[in-house]
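> Before I ask anything, let me first share the structure, which is written out below as structure tokens.
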Amino acid sequence: MKGFKDFITRGNLLDMAVAFIMGAAFTTVVTAFTKLIMSIISKVLGGVPNFDNVALFGIAIGPFISAVINFLLVALVVYLCIVKPMNLWHARHPAPKAPVTEIDLLTDIRDTLKAGQPSGSATPAA
């Protein structure tokens, strides 16, 4: 049972569960926004918010038009609600720089010493 408990309480699994629940809740917001915009489009065009009956030269392109519009609306909502706020947050709160390690310091010293000596000279100055 300990192994199962460790698996269930592992951070990544909990993060995924929270993301899944938030995604499901966000779906209702996106769906409602899409329906709102589609109804506005239908009012402007004077029809129903469904383009399934649209045909061009006898080829039914309506379902494709509806799918493209729905995709663009979902992408717009995701951009405005998630991407843009995260970009603003990252611009105001840059990630902290990684601490300097001994390896970094030794590499800098080596590069500085190499730059100060003529090439091919391996003898240290006394």
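Every number in this text was worked out from the coordinates using simple rules, so none of it is lab data. All of these numbers come straight from a predicted model, not from anything done at the bench. Virtual Cβ from ideal backbone geometry, glycine too; neighbours counted across all protein chains shown.
> In terms of modelled amide H atoms, which long-range or inter-chain residues lie less than 5 Å from the amide H of Ile61?
Close amide H contacts, sequence-distant or interchain: Ala55, Leu56.
> What nm value, rounded to one decimal, do you get for the distance between Met1 and Ala67 when each label is placed 7 Å out toward the C-beta?
Using points 7 Å along Cα→Cβ, the separation is 5.0 nm.
> Right, next: For an R0 of 35 angstrom, estimate the FRET efficiency from the Cβ-Cβ distance between Cys81 and Thr112 and round to the nearest 0.05.
On the way: r = 49 Å, r/R0 = 1.40.
In this case the efficiency is close to 0.10.
> Moving on. Could you estimate the translational diffusion coefficient of segment 2-116 from the Stokes-Einstein equation, with Rh from the Kirkwood formula over C-alpha pairs, at 10 °C and 1.306 mPa s, in whole µm²/s?
Numbers: Rh = 19.8 Å.
In µm²/s, the coefficient is 80.
> I would also like to ask the following. Can you list the DSSP H helices in the chain whose Cα atoms extend at least 18 Å along the helix axis and whose mean Kyte-Doolittle hydropathy is 1.0 or higher?
Span-like helices here: 11-45, 62-78.
> Going by average Cβ density within 10 Å per residue, which order do the peptides 103-116, 64-77, 86-99 take, highest to lowest? Display every interim value, and only then the final one.
Numbers: 103-116: 9.6, 64-77: 14.3, 86-99: 7.9.
Packing proxy ranking, top to bottom: 64-77, 103-116, 86-99.
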